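This report refers to the structure that appears directly beneath it.
The values are calculated or read from the model by the stated rules, or taken from the named source; none is laboratory data. Keep in mind that this is a model prediction, so the values were computed, not measured. Please note: Cβ atoms are built from the backbone with ideal geometry, for glycine as well, and neighbour counts cover all protein chains shown. Ligands, DNA and RNA are excluded from the accessible area calculation, which covers all protein heavy atoms including side chains. Shrake-Rupley method; radii C 1.70, N 1.55, O 1.52, S 1.80 Å.
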Amino acid sequence: MSQETLLIRADANAQIGTGHVMRCLALAQAWQDRGGQSIFVSAELPSALEKRLQSEGTTISYTPAKPGSNEDAIQTSTLAQQAQAKWVVVDGYHFDVNYQQAIKQANLRLLFIDDYGHADHYYADLVLNQNIYADESLYARREPHTRLLLGTQFALLRREFWKWRGWQREIAPVARKVLVTMGGGDPDNVTLTVIQALQQVEIEGLEAIVVIGGSNPHKETLKAQIANANCPIQLKRNVTDMPTLMAWADVAISAGGSTCWELAFMGLPNLILTLAENQRLIAQGLGAAKAAVSLGWHYHITAMQIAQSLELLAHTDLASMSKCGKLLVDGRGSSRVVQQVRT
């Protein structure tokens, strides 16, 4: 690839979480493995995530423009041209049809990462939807040149997961080790409800690891709740080695975001709480595929109901659920997308 540059435009904060940037990081890593360089352009990044990107050898530029605005598109295009990047990757719901047109009018090629067909029309060269429900009908309004990359075969998993390909999980007779991850932001503090649920679970030997992101504003509240817990609970922040924690756990309780594809790859059965509209179809799809159990919207679920669901999951056929998850995601999605960009 001879140091070809890929420019990525994505943001992260407590409200939108870190998922857009983290899956773009997976793409940047695969690009770098083929000899290229990557540049992230952001309007906002938590400091911990900024450090993570820098540690991965990426360059970071900040735009003062309103995210998704025409000024944003012009600045992004200018940065791409200055870096001699032929391709721009855009990931975020504030990037619309006008943003795509502005990038294309700058004679740049565009990979548009999408989740539910939120743009009125698609001018991008490639549209990537890595979700289980991805379907061509979501992109009926697209240009003749626009190619679609649809489904979990294109799930973007970061480099730390790649070495776990082919790993076989040992299934516990009764699940006692629980991993909790509600995403990078969790503005509604659903993590607190899950911790309260863990304290009501009647499983001997239960223990849990709770992972929060750098954007989570509730750290002190969670620490106080854990201090009074009646079972061992560890709180971990800004974790960079999620696969090891997923390998440790017997089951997980998660939000319905991109982490679900990581859990599926690791064969870790999970309870899914829907925290945002863009997670609803992921949760339903994984439930239908019998790789997870969808509990629905978080505000409809009590701590007691989560506890009861966890007790049921702990005694169910975890081996079958694990196999269903691994069939969905093989961990090679990032390299497949890079190959399509180079085609």
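Computed values, structure above
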{"quantity": "Residues of the range 81-105 satisfying the condition of being touching a strand residue (DSSP E or B) at 6+ places or on another chain (Cβ under 9 Å) and over 20 Å from Arg147 (Cβ atoms)", "calculated": "Ala83, Gln84, Gly92"}
{"quantity": "Hits in the range 144-168 (condition: open to solvent by 50 Å² or more (accessible area, probe 1.4 Å) and of a type in the set (Asp, Glu))", "calculated": "none"}
{"quantity": "Any hit, the range 105-123, residues being more than 27 Å from Ser69 (Cα to Cα), open to solvent by 60 Å² or more (accessible area, probe 1.4 Å) and outside any loop (DSSP other than H, G, I, E, B)", "calculated": "no"}
{"quantity": "Cβ pairs under 7 Å, 6+ apart, first in the range 168-191 and basic (Lys, Arg) and at pLDDT 95 or above, second part of a strand (DSSP E or B) and open to solvent by 30 Å² or more (accessible area, probe 1.4 Å)", "calculated": "Arg176/Glu207; Lys177/Glu207"}
{"quantity": "Looking only at the range 229-246, and only at residues there that are open to solvent by 30 Å² or more (accessible area, probe 1.4 Å) and out of contact with any strand residue (DSSP E or B) (no Cβ under 9 Å at 6 or more places or on another chain), the one that is modelled with the highest pLDDT", "calculated": "Thr244"}
{"quantity": "Matching residues, the range 182-200, being closer than 16 Å to Gln234 by Cβ and open to solvent by 10 Å² or more (accessible area, probe 1.4 Å)", "calculated": "Leu192, Gln199"}
{"quantity": "First in the range 22-44 and β-branched (Val, Ile, Thr) and at pLDDT 95 or above, second anywhere and open to solvent by 10 Å² or more (accessible area, probe 1.4 Å) and part of a helix (DSSP H, G or I), Cβ under 8 Å, 6 or more apart", "calculated": "Ile39/Leu79; Val41/Gln75; Val41/Leu79"}
{"quantity": "Of all residues in the range 1-22 being more than 24 Å from Ala106 (Cβ to Cβ) and of a type outside the set (Gly, Ala, Ser), the one that is most open to solvent (accessible area, probe 1.4 Å)", "calculated": "Gln15"}
{"quantity": "Residue satisfying all of: in the range 128-141; open to solvent by 70 Å² or more (accessible area, probe 1.4 Å) and not in a loop (DSSP other than H, G, I, E, B); nearest to Gln340 (Cα to Cα) among these", "calculated": "Glu136"}
{"quantity": "Selection count, the range 36-45, where residues are under 15 Å from Ala73 (Cα atoms) and open to solvent by less than 10 Å² (accessible area, probe 1.4 Å)", "calculated": "3"}
{"quantity": "In the range 1-31, the residues that are part of a helix (DSSP H, G or I) and of a type in the set (A, V, I, L, M, F, W, C)", "calculated": "Val21, Met22, Cys24, Leu25, Ala26, Leu27, Ala28, Ala30, Trp31"}
{"quantity": "Residue pairs meeting the criteria (Cβ under 6 Å; at least 6 apart or on separate chains; first within 11 Å of Ala102 (Cβ to Cβ) and among the polar types (S, T, N, Q), in the range 71-83; second open to solvent by less than 60 Å² (accessible area, probe 1.4 Å) and not in a helix (DSSP H, G or I))", "calculated": "Gln75/Thr63; Gln75/Ala65; Thr76/Arg9; Thr76/Val41; Ser77/Ala106"}
{"quantity": "Extreme residue, nearest to Gln100 (Cα to Cα), among residues of the range 24-35 that are crowded, with 24+ Cβ neighbours inside 10 Å and in contact with a strand residue (DSSP E or B) (Cβ under 7 Å, 6 or more places away or on another chain)", "calculated": "Cys24"}
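To keep it simple, each residue is scored yes or no on (1) open to solvent by less than 50 Å² (accessible area, probe 1.4 Å); (2) more than 15 Å from Thr5 (Cβ to Cβ); (3) among the charged types (D, E, K, R); (4) out of contact with any helix residue (DSSP H, G or I) (no Cβ under 7 Å at 6 or more places or on another chain).
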site	(1), (2), (3), (4)
Ser47	no, yes, no, yes
Arg52	yes, yes, yes, yes
Lys66	no, yes, yes, no
Ser77	yes, no, no, no
Ala85	yes, no, no, yes
His94	no, yes, no, yes
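Okay, residues lined up against (1) of a type in the set (A, V, I, L, M, F, W, C); (2) under 28 Å from Asn13 (Cα atoms); (3) in contact with a Pro (Cβ under 6 Å, 6 or more places away or on another chain):
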{"position": "Leu206", "(1), (2), (3)": "yes, no, no"}
{"position": "Ser215", "(1), (2), (3)": "no, yes, yes"}
{"position": "Glu220", "(1), (2), (3)": "no, yes, no"}
{"position": "Lys223", "(1), (2), (3)": "no, yes, no"}
{"position": "Cys231", "(1), (2), (3)": "yes, no, no"}
{"position": "Asn238", "(1), (2), (3)": "no, yes, no"}
{"position": "Gly256", "(1), (2), (3)": "no, yes, no"}
{"position": "Cys260", "(1), (2), (3)": "yes, yes, no"}
